1. Is it fair to say E290 is surrounded by 15 or more Cβ atoms within 10 Å (Cβ to Cβ), within 28 Å of S229 (Cα to Cα), among the charged types (D, E, K, R) and touching a Cys at 6+ places or on another chain (Cβ under 8 Å)?
2. What number of residues within region 414-424 satisfy the criterion of being among the small types (G, A, S) and crowded, with 16+ Cβ neighbours inside 10 Å?
3. Between residues in region 340-358 that are farther than 22 Å from P330 by Cα and residues that are among the charged types (D, E, K, R) and open to solvent by 10 Å² or more (accessible area, probe 1.4 Å), which pairs lie under 6 Å by C-beta distance while being six or more apart or on different chains?
4. Exactly one condition in (1) in a helix (DSSP H, G or I); (2) farther than 25 Å from P11 by Cβ; (3) open to solvent by less than 40 Å² (accessible area, probe 1.4 Å) is not met by Q149; state its number.
5. Among the residues of region 425-458, count how many are over 16 Å from L402 (Cβ atoms), open to solvent by 70 Å² or more (accessible area, probe 1.4 Å) and not small (G, A, S).
6. Restricting attention to region 421-458, which residues are assigned to a helix (DSSP H, G or I) and farther than 21 Å from E290 by Cβ?
7. Taking the conditions exactly as written (touching a helix residue (DSSP H, G or I) at 6+ places or on another chain (Cβ under 9 Å) and open to solvent by less than 10 Å² (accessible area, probe 1.4 Å)), does A111 satisfy them or not?
8. Going by the structure shown, is A85 more than 21 Å from the chain's Cα centre (by Cα) and open to solvent by 60 Å² or more (accessible area, probe 1.4 Å)?
Amino acid sequence: MSLAVSPAVPPRHMDSVLDILDALESPARGGSPGTAAALGRGLGVCSTLGCRAVLGEPPGTPERPPALTVGQWQLLTELLRHDPATPELGAVLTPDGSTVALSPLLAGIEAGLRAGGFGPPLPTLHPPADPLLAVTIAEALGTSFLLAQGSDNNATVLGPGGCWDDVENPQNYTLRGPPSPVPDPVAIGAMDGVLLGAQLARGPLPVAELLRGYYGVGNRSEAGRPLSSYRRRDFGALVGQGRLEKEVAAVLGTLRTLSPSPELLRDMGTQEVAAVARRAAQEFSERYVECPAIMPRCLWGARPYRGTPAPLQPPLGSVFLHHTLEPAQPCRTFSACARAMRDMQRFHQDTRGWDDIGYSFVVGSDGYLYEGRGWHWVGAHTKGYNTQGFGVGIVGDFTTTLPDPDTLALVRDQLLPCAVRSGHIRPDFTLRGHRQLGRTDCPGNALFQEIQSWSGFQ
């Protein structure tokens, strides 16, 4: 029997980062909770003007700590060496299926540790700004919208997302379009940095322990929904659009006072800065707080579409709700939901003979939507009505029981209002259960009863 040889550089997964943090923080090897943060800054976390004003100038370039293997050190160096031209190199895949940039995450962790009394105290900024928000999201967001304002073309200010080459052994992440200064992994890493930094400010604990509790562990964890899948809700509750707007304006004010002050701010008045902050906070909140995250096909391992998809003509007037029936149990983790998607696609293509998975979107009980045919292509979900609306399936059998309240809220309070705002469905859309349009019990008696109280139901 031949033993598999593991590659020298670990996969770009949060589990690899946790192994590195365990080694760095081990008291037996001379480590402590601040070791990783200090190392991160030496490697290039916090390379911007505003971040350095908060956390200080970076220490000299560090040597590889004896606790880390050559492969671990190479991975850490690649992840933390900040290069705005290649933001995808700084990202890792987490157990909940999202992709997180490590730089804003570690900057938030350092700010939180120092606010909690671990390490040198944080400076007071002028004008007053929250150091935690400054180093995670406020500066990046303000800068992104300033750059867009200064450019002639319609510059991208947020996003895009991207795809991993292999979710089991992630090595390469590719953005699905030209990067803004705040691509999705940076936005997600920043939100996580804020939430975890705020927790550390209340009392330091080992960073590996904190991250393990937040992200869950193991690529195949089936234990249930991790805390990280609630980041949008929790960030919205902690920060809110009004506070985010105030902090973006404050950090731009701080940047003005620095020497040399960024060129973008030189000729801007206070009201212009306030307008940039308002737009930045509103667009960030709409995209990353109020709207649900959608797992693209590449992440759940979709097979290619067979044939040529027919385009939809948005905005559409209808949404049709389904339950999947098979699998009958709701999926509560990324790995379980991705597997359910692959199983359904295989059934729809191989047994039913369809071109692809039938639904437009599928809703897991892990906090995420999964892209089926998506916003742009005609589905195979509601016979006779596929060109008129989107088919949304919730994983599970809801004949006698309901999806959990979080999953219902994801569809009712996030997906539907977002789809209206983004122009995919009309403001006067109608919501129907599958059974109203065909001979079927779908979406199950319990779920059908529930949606009759929702906005748009007819």
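The values are calculated or read from the model by the stated rules, or taken from the named source; none is laboratory data. Computed from a predicted structure; not experimentally measured. Here the Cβ is made from the backbone with ideal geometry for all residues, glycine too, and neighbour counts use every protein chain on show. Calculation scope for accessible area: heavy atoms of the full protein, side chains included, ligands and nucleic acids excluded. Shrake-Rupley method; radii C 1.70, N 1.55, O 1.52, S 1.80 Å.
1. Details: surrounded by 15 or more Cβ atoms within 10 Å (Cβ to Cβ): yes; within 28 Å of S229 (Cα to Cα): yes; among the charged types (D, E, K, R): yes; touching a Cys at 6+ places or on another chain (Cβ under 8 Å): yes.
For E290, the condition - surrounded by 15 or more Cβ atoms within 10 Å (Cβ to Cβ), within 28 Å of S229 (Cα to Cα), among the charged types (D, E, K, R) and touching a Cys at 6+ places or on another chain (Cβ under 8 Å) - is met.
2. Filtering region 414-424 down to residues among the small types (G, A, S) leaves 419, 422-423.
Keeping just the survivors that are crowded, with 16+ Cβ neighbours inside 10 Å gives 419.
Summing the residues that are among the small types (G, A, S) and crowded, with 16+ Cβ neighbours inside 10 Å in region 414-424 gives 1.
3. Qualifying pairs under 6 Å: D355/R306.
4. Going through (1) in a helix (DSSP H, G or I); (2) farther than 25 Å from P11 by Cβ; (3) open to solvent by less than 40 Å² (accessible area, probe 1.4 Å) one by one, Q149 breaks only (3).
5. 6
6. Going through region 421-458, the residues assigned to a helix (DSSP H, G or I) turn out to be 421, 434-436, 445-451.
Answer for region 421-458, where residues must be assigned to a helix (DSSP H, G or I) and farther than 21 Å from E290 by Cβ: H434, R435, Q436, N445, A446, L447, F448, Q449, E450.
7. Details: touching a helix residue (DSSP H, G or I) at 6+ places or on another chain (Cβ under 9 Å): yes; open to solvent by less than 10 Å² (accessible area, probe 1.4 Å): yes.
It is true that A111 is touching a helix residue (DSSP H, G or I) at 6+ places or on another chain (Cβ under 9 Å) and open to solvent by less than 10 Å² (accessible area, probe 1.4 Å).
8. On the way: more than 21 Å from the chain's Cα centre (by Cα): no; open to solvent by 60 Å² or more (accessible area, probe 1.4 Å): yes.
Taking the combined requirement at face value, the residue does not satisfy it.
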